[in-house]
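The values are calculated or read from the model by the stated rules, or taken from the named source; none is laboratory data. Since the structure is predicted, the reported quantities are computational estimates derived from the model, not experimental observations. Every residue, glycine among them, receives a Cβ derived from its backbone with ideal geometry; neighbour counts consider all protein chains shown. Ligands, DNA and RNA are stripped out before the accessible areas are found, and what is left, the full protein with its side chains, is counted by its heavy atoms. Shrake-Rupley method; radii C 1.70, N 1.55, O 1.52, S 1.80 Å.
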Amino acid sequence: MSDDTAGSVLVLNSGSSSIKFQLIQPDSGESIASGLIERIGEPDGHIVYRHRTGVAERHASIADHRAGLEMVLEVVAEVGRPLREAGIVAVGHRLVHGGNVFYEPTIIDDDVVRAISDLSSLAPLHNPANVIGIEVAREVLPDVPHVGVFDTAFFHTLPAAASTYAIDRNIAKEYDIRRYGFHGTSHQYVSSCAARFVGRELSDIDQIVLHLGNGASASAIHGGRAVDTSMGLTPLEGLVMGTRSGDVDPGVLLHLHRQGLSVDRIDDLLNRQSGLRGLSGVNDFRSLLTLVGEGNTDAALAYDVYVHRLRKYIGAYLVELGGVDVIAFTGGVGENNADVRRDSLAGLERLGMIVDEARNSSDSREARRISSDDSEVDVLVVPTNEELAIARAAVELVAAERVTDS
C-alpha cells in the first residue's frame, strides 16, 4: 500500500461465515484494496486479497472469525504494510441488526458493543459475528474511531401500518417484534444513485428497489424515505433467496414442530436448506440457469417460484406507491441476470414498464437504463456499493463529532 492510503476508511463486513474488507478513499470512491475470507469454521477456508499491484490468495483452515481477522492483518502486511501504518482515519463496520436502539451511524464504544451483542437474539447468525469483528478491529486499531452502520437503519422510517405485525400488541412490545428490514444501506445508496441517474430530485420520485443476491429484498421508497420492505423481524421474510425460504405460512412451522422437528432444525431448514437450494439443490443463480438449460424440471420450477414471488412484491409496491417513477435492480443477480429482469416485468407494458431487450442484454457494469425510450417508468440497473456508503457515513460522523468537540 502506498502513501495515498492516508485518509482512507477500512470497511469491515463480518458475516456469519465470511469476512469482507475494503480500504476505500471516501472522497474519490476509489477502492485501494479489498478482500474476502470465506468458509470460516470449515477445513477448506479461503482468503483472497486484491490490491493495486495484484492478488494474494491463501487456502487454510480458519477456526473462527478472530482467526480470520488475524489472517487479514497478516496478508495485508505481507503485500503492503501493516494496517496500523496505512493512514486510516476511521473503521466502518457493517452491522446487521440495530433493533429499536440504533437507526443512524454510531460511534462504537464499549456500551455500544454490549448493546449490539444484546440484540443477538434478533439476528443470531449475524450480530455475534459482527461483535467479534468490532472487538478484533478495535484491538488492532485502538486509536482510530470505529463507526457502526446498521442494515436496519434506513427502514426505521417505515410507517406503523407497514412495520407492525398483527399479533398481540403486548407480546410484540415485550419482545421488540416488528418489521425492521435489511439491506438498508444498499437500498438507500441505490435509490440516491437512481435519482441522480434520471436527473431528478430524490424527494420528488417514487421508486421500487430490488436488491437481488443470495439474500434478496425489495423496498418501496417515496421521496427518499422507505415506506415498505420485504424483509421483516429477520432477513428470512420476503422474497425467495439462495438458501432462505422467504414468505411461508407460519402454520407450516407449527405443523413441522408438531411432527417432531426441533426449533433448531426448522431454523436450519428455513435459513440454510430452503429457497433455490431447497427447490433445486443449488443456490448459485448461474448454476440454477445451467440446470434450467439442461431441462432440469426442479430448477425450472425454482426459477418460476423465484420470479413469481418477485412479481408479487413489485405489484404490491406499485399499489402502495400509487404508481412508480423508477424501478432499480441491484445485487449480484439483479445486476447480472437479464432473464430475471425481463421476466419479472414481462407483461407490464400497460403499467408503463417496457424493457428494451438489447439494453437489458448488455453486459455493462455501469449504471444504465434498460427500459425503452417510450417507457413511462425508468427501469435501471444500478450497481450497489455498500462499502462506499459505509465509508462515507463513517467519515461524515467522525467529522461531525470533531466539530461538536471543538
Checking T290 against (1) open to solvent by less than 20 Å² (accessible area, probe 1.4 Å); (2) out of contact with any helix residue (DSSP H, G or I) (no Cβ under 7 Å at 6 or more places or on another chain); (3) part of a helix (DSSP H, G or I), the condition it does not meet: (1)
Tally of residues being modelled with pLDDT of 95 or more, farther than 19 Å from N13 by Cβ and of a type outside the set (G, A, S) across region 97-128: 4
Matching residues, region 245-270, being open to solvent by 50 Å² or more (accessible area, probe 1.4 Å) and within 14 Å of L310 (Cβ to Cβ): D247
Residue, nearest to the chain's Cα centre (by Cα), within region 41-57, restricted to residues that are within 20 Å of S31 (Cβ to Cβ) and open to solvent by 30 Å² or more (accessible area, probe 1.4 Å): R50
Complete set of residues in region 317-346 that are more than 26 Å from G278 (Cα to Cα) and in contact (Cβ under 8 Å) with a residue 60 or more places away in the chain: Y317, L318, E320, L321, G322, G323, V324, D325, V326, I327, A328
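Consider G332 carefully, then state whether it is part of a loop (DSSP other than H, G, I, E, B) and out of contact with any strand residue (DSSP E or B) (no Cβ under 6 Å at 6 or more places or on another chain).
Values: part of a loop (DSSP other than H, G, I, E, B): no; out of contact with any strand residue (DSSP E or B) (no Cβ under 6 Å at 6 or more places or on another chain): yes.
Answer is no for this residue.
I want to confirm something. Restricting to region 299-325 and keeping residues that are among the β-branched types (V, I, T) and part of a helix (DSSP H, G or I), which single residue is farthest from the chain's Cα centre (by Cα)? Can you show your working first?
The first filter runs over region 299-325 and keeps only residues among the β-branched types (V, I, T), leaving 305, 307, 314, 319, 324.
Restricting the remaining residues to those that are part of a helix (DSSP H, G or I) gives 305, 307, 314, 319.
On the way: V305: 22, V307: 19, I314: 19, V319: 25 Å.
Taking the candidates together, the pick is V319.
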Residue among Y165, Y175, Y189 that is of a type in the set (F, W, Y), surrounded by fewer than 20 Cβ atoms within 10 Å (Cβ to Cβ) and either closer than 27 Å to G224 by Cβ or in contact with a Lys or Arg (Cβ under 8 Å, 6 or more places away or on another chain) (or both): Y165
Residue selected from region 129-157 under the condition closer than 16 Å to G181 by Cα and surrounded by fewer than 21 Cβ atoms within 10 Å (Cβ to Cβ), by the criterion modelled with the highest pLDDT: H156
Odd one out for E104, checked against (1) farther than 30 Å from G223 by Cα; (2) open to solvent by 20 Å² or more (accessible area, probe 1.4 Å); (3) under 24 Å from the mean Cα position of the chain (by Cα): (1)
Residue in region 309-332 that is open to solvent by 60 Å² or more (accessible area, probe 1.4 Å), in contact with an Asp or Glu (Cβ under 9 Å, 6 or more places away or on another chain) and on the phi > 0 side of the Ramachandran plot present: yes
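Among the listed residues S280, S274, S217, S262, identify the single one that is free of Cβ contacts under 8 Å to residues at least 60 places away in the same chain and in contact with a His (Cβ under 7 Å, 6 or more places away or on another chain).
Numbers: S280 fails: in contact with a His (Cβ under 7 Å, 6 or more places away or on another chain); S274 fails: in contact with a His (Cβ under 7 Å, 6 or more places away or on another chain); S262 fails: in contact with a His (Cβ under 7 Å, 6 or more places away or on another chain).
Selected residue: S217, the only one of S280, S274, S217, S262 that is free of Cβ contacts under 8 Å to residues at least 60 places away in the same chain and in contact with a His (Cβ under 7 Å, 6 or more places away or on another chain).
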Qualifying residue in region 73-88 (condition: within 24 Å of F154 (Cα to Cα), among the hydrophobic types (A, V, I, L, M, F, W, C) and open to solvent by 30 Å² or more (accessible area, probe 1.4 Å)): no
Selection count where residues are at pLDDT 75 or above, in contact with a Phe, Trp or Tyr (Cβ under 9 Å, 6 or more places away or on another chain) and aliphatic (A, V, I, L, M), scope region 77-96: 2
Selection count where residues are of a type in the set (D, E) and part of a loop (DSSP other than H, G, I, E, B), scope region 123-149: 1
Some residue of region 188-211 being at pLDDT 95 or above, in contact with a Leu (Cβ under 7 Å, 6 or more places away or on another chain) and under 30 Å from D64 (Cβ atoms): no
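Go through region 150-179 residue by residue and tally those that are part of a helix (DSSP H, G or I) and touching a residue at least 24 places away in the same chain (Cβ under 8 Å). I'd like the intermediate steps shown before the answer.
Of all residues in region 150-179, those part of a helix (DSSP H, G or I) come to 153-157, 160-163, 169-174.
Imposing the further condition that a residue be touching a residue at least 24 places away in the same chain (Cβ under 8 Å) reduces the set to 153-157, 162.
Looking only at that region, the number is 6.
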Strands (runs of 3 or more DSSP E) contained in region 1-109 and holding at least 3 residues of a type in the set (A, V, I, L, M): 8-14, 19-25, 30-38, 88-95
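One line per residue, one yes/no per condition, for (1) closer than 22 Å to E386 by Cα; (2) touching a residue at least 12 places away in the same chain (Cβ under 8 Å); (3) among the hydrophobic types (A, V, I, L, M, F, W, C); (4) out of contact with any Cys (no Cβ under 8 Å at 6 or more places or on another chain):
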| residue | (1), (2), (3), (4) |
| --- | --- |
| V89 | yes, yes, yes, yes |
| G98 | yes, yes, no, yes |
| V101 | yes, yes, yes, yes |
| I116 | yes, yes, yes, yes |
| P128 | yes, no, no, yes |
| G133 | yes, yes, no, yes |
| A137 | yes, yes, yes, yes |
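Taking the options R342, R359, R365, R369, name whichever one is at pLDDT below 95 and open to solvent by 50 Å² or more (accessible area, probe 1.4 Å). Walk me through it before giving the result.
Details: R342 fails: at pLDDT below 95; R359 fails: at pLDDT below 95; R369 fails: at pLDDT below 95.
Selected residue: R365, the only one of R342, R359, R365, R369 that is at pLDDT below 95 and open to solvent by 50 Å² or more (accessible area, probe 1.4 Å).
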